[in-house]
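The values are calculated or read from the model by the stated rules, or taken from the named source; none is laboratory data. All of these numbers come straight from a predicted model, not from anything done at the bench. Quick reminder, even Gly has a Cβ in these numbers, built from the backbone with ideal geometry, and neighbours come from all protein chains shown. All accessible areas refer to the heavy atoms of the entire protein, side chains included, with ligands and DNA or RNA removed. Shrake-Rupley method; radii C 1.70, N 1.55, O 1.52, S 1.80 Å.
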Amino acid sequence: QEAAVSAMAVLEEEAGELLVPYVPAILNVYSQALQHYKTKNLVILYDACGTLAEALGDKLNKPEYINVLLPPLIAKWHAVSDDDKSLLPLLECMSYIVSALKMGFQQFAQPVMQRCERIIAHNLDAPEEIADEEFIGFSLDLLAGLAGGLEGSMEALMADTNSQCVPLMLRCLTHPIPDVRQSGFALLGDLAKSAPTHLHPHLHPILRAVHQNLDPEDLSVCNNACWAVGELAGVSPPASMSEEAIGQLVEPLMSILCRLDLHKSLRENATVTLGRFGLVCPEAVAPNLQNFIKPWCMVLTTIRDDVEKEQALRGMAKMSYMNPPVIIDAWPSVCETIHSWKKDTHPMQPELEKELTDMLGWFKDKLQEDGQWDACHSRVSDSAKHGLQVNFGLYA
């Protein structure tokens, strides 16, 4: 059993979607194994189930597959007590399955969420010598999987169950153990996308916790905090993200962005978050543009064209009118960043296209009035000039 299921886990990682034709047979065997394996091999089997879900993603979200795999897994879920260590690999397995099944998991979501909250609360309230941070972290990860998988339905689920998810998460954001804070910020980011209205009443303690964790020495915690607050800025009403609160986060984010020795994903998250801050509260960020605009442009140029990059570019456009000299000084970098969006493969949202067109036109008029246009024009690469002419009509 041990050798066979270990081999299957490796095969799943390597074969990925090539396993699709064999899914019914695999799930039938896994279903039987879940009912008969003992504790040691169950741990390996949970890993194989989670790996299969990660490899296949939404291709696993079919009623006929769910009806085979989930009943024996849920039976194990109910059979294990909250403090049994064998629950940990099952929590991890369920996180992968939730992420793969998304709305296909909805019928199981409520009891799973409530149990995760119960486990977190128990371990947060337990005496230090009894509390088990692993249970908190794994339960937070499963809640994050639920939030990411159920998307908009998570908001209603939390309201219907009088969920304690957010108050518990807030306690985890200030926990002394870094792994707990890392998982807490991962949950914060997923809730920002799926259930933002539950977060809005708690913005002040959330932003305070983010500020305390923007320290690259704890790389994973810092990365999650940086990403999560960017997601929150992208969905929060502008009035709720105050100039003072955002202003306190600008300096540590700039420091992260400008450190070339830091991990690429951390600098990317700092870049997107600064851009999103510029979109919701430009007056808090624009005065600092000269301290980060060139590395900001350099990093954003390499980021894929998606909603994060879109919001960051819109933030830059908004800030540019508040600090024109800095944009003019960095004009080649700004043009390269706008040109980096490949409209032929990723069509640009009309709102973004209009805002960038207006911004480019405004600066062209201003530079021509000041007699600086030719000097700026000569510093921009030929490819960027061509792209800005084709896509925005800049160089007529």
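Per-structure values
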{"quantity": "Cα gyration tensor shape of segment 221-261, rounded if a/c is under 1.5, else prolate or oblate by comparing a/b with b/c", "calculated": "oblate"}
{"quantity": "Cα long-axis angle, helix 39-56 against the chain (0 to 90 degrees, to the nearest 10)", "calculated": "40 degrees"}
{"quantity": "Average accessible area per residue (Å²) across the chain - probe 1.4 Å, nucleic acids and ligands excluded", "calculated": "44 Å²"}
{"quantity": "Tensor-based shape of segment 271-396 (alpha-carbon gyration tensor, a/c under 1.5 rounded, otherwise prolate or oblate)", "calculated": "oblate"}
{"quantity": "Shape category assigned to segment 1-108 from the gyration tensor of Cα positions, a/c cut at 1.5", "calculated": "oblate"}
{"quantity": "Fluctuation leader among V29, V272, V221 - the chain, Gaussian network, Cα springs under 10 angstrom", "calculated": "V29"}
{"quantity": "E244 versus Q290: modelled label distance in nm, points set 7 Å from Cα along the beta carbon direction", "calculated": "2.7 nm"}
{"quantity": "Subset of K309/K366; K102/K309; K59/K294 violating a 31 Å alpha-carbon distance limit", "calculated": "K59/K294"}
{"quantity": "Only Lys, Arg (+1) and Asp, Glu (-1) charged, at Cβ; the chain dipole about Cα centre in debye", "calculated": "540 debye"}
{"quantity": "Sequence of K193, K59 when ordered by accessible area, the most exposed leading, probe 1.4 angstrom", "calculated": "K193, K59"}
{"quantity": "Extension gain, E353 back to T161 (0.36 nm per residue minus Cα-Cα distance, nm)", "calculated": "64.9 nm"}
{"quantity": "Solvent accessible area, Å² - C93, 1.4 Å probe, full protein context", "calculated": "0 Å²"}
{"quantity": "Computed lengthening from K85 to T39, 0.36 nm per intervening residue step minus Cα-Cα distance", "calculated": "15.5 nm"}
{"quantity": "³J(HN,Hα), Karplus 6.51/-1.76/1.60, whole Hz, each residue of segment 162-177, x for Gly, Pro", "calculated": "6, 4, 9, 4, 5, x, 5, 4, 4, 5, 6, 5, 10, 5, x, 8"}
{"quantity": "Simple label model, 7 Å out from Cα along Cβ direction - D305 to S265, nm", "calculated": "2.5 nm"}
{"quantity": "Protein accessible area in the chain, 1.4 Å probe - carbon and sulfur %", "calculated": "52 percent"}
{"quantity": "Relative contact order (%) - segment 159-248, alpha-carbon pairs under 8 angstrom, separation at least six", "calculated": "31 percent"}
{"quantity": "Sum of side-chain charges, C49 neighbourhood, beta-carbon under 12 Å (Lys, Arg +1; Asp, Glu -1)", "calculated": "-3"}
{"quantity": "Cleavage-rule hits, trypsin sites (Lys or Arg not before Pro), segment 72-107, DSSP coil, Cβ neighbours within 10 Å at most 14", "calculated": "K85"}
{"quantity": "Full-stretch length increase - V10, E369 - with 0.36 nm per residue and alpha-carbon distance subtracted", "calculated": "122.8 nm"}
{"quantity": "Solvent accessible area, Å² - T161, 1.4 Å probe, full protein context", "calculated": "30 Å²"}
{"quantity": "Cα-only radius of gyration and Dmax that characterise the chain, units Å", "calculated": "24.2, 81"}
{"quantity": "Neighbourhood charge, 11 Å Cβ-Cβ cut-off, centred on L173 and excluding it, Lys, Arg +1 and Asp, Glu -1", "calculated": "+3"}
{"quantity": "Residue among Q182, A15, S378 farthest towards the positive dipole end of the chain, charges placed on Cβ", "calculated": "S378"}
{"quantity": "Heavy atoms of K343: accessible area, 1.4 Å probe, square angstrom to 10", "calculated": "40 Å²"}
{"quantity": "Paramagnetic reach from A75 in segment 99-140 [backbone N under 18 Å; point 7 Å along Cα→Cβ]", "calculated": "108"}
{"quantity": "Cut-off 15 Å between beta-carbons: net charge of the residues surrounding A33, Lys and Arg +1, Asp and Glu -1", "calculated": "0"}
{"quantity": "For segment 1-56: relative contact order, % (alpha-carbon pairs under 8 angstrom, 6 or more apart)", "calculated": "62 percent"}
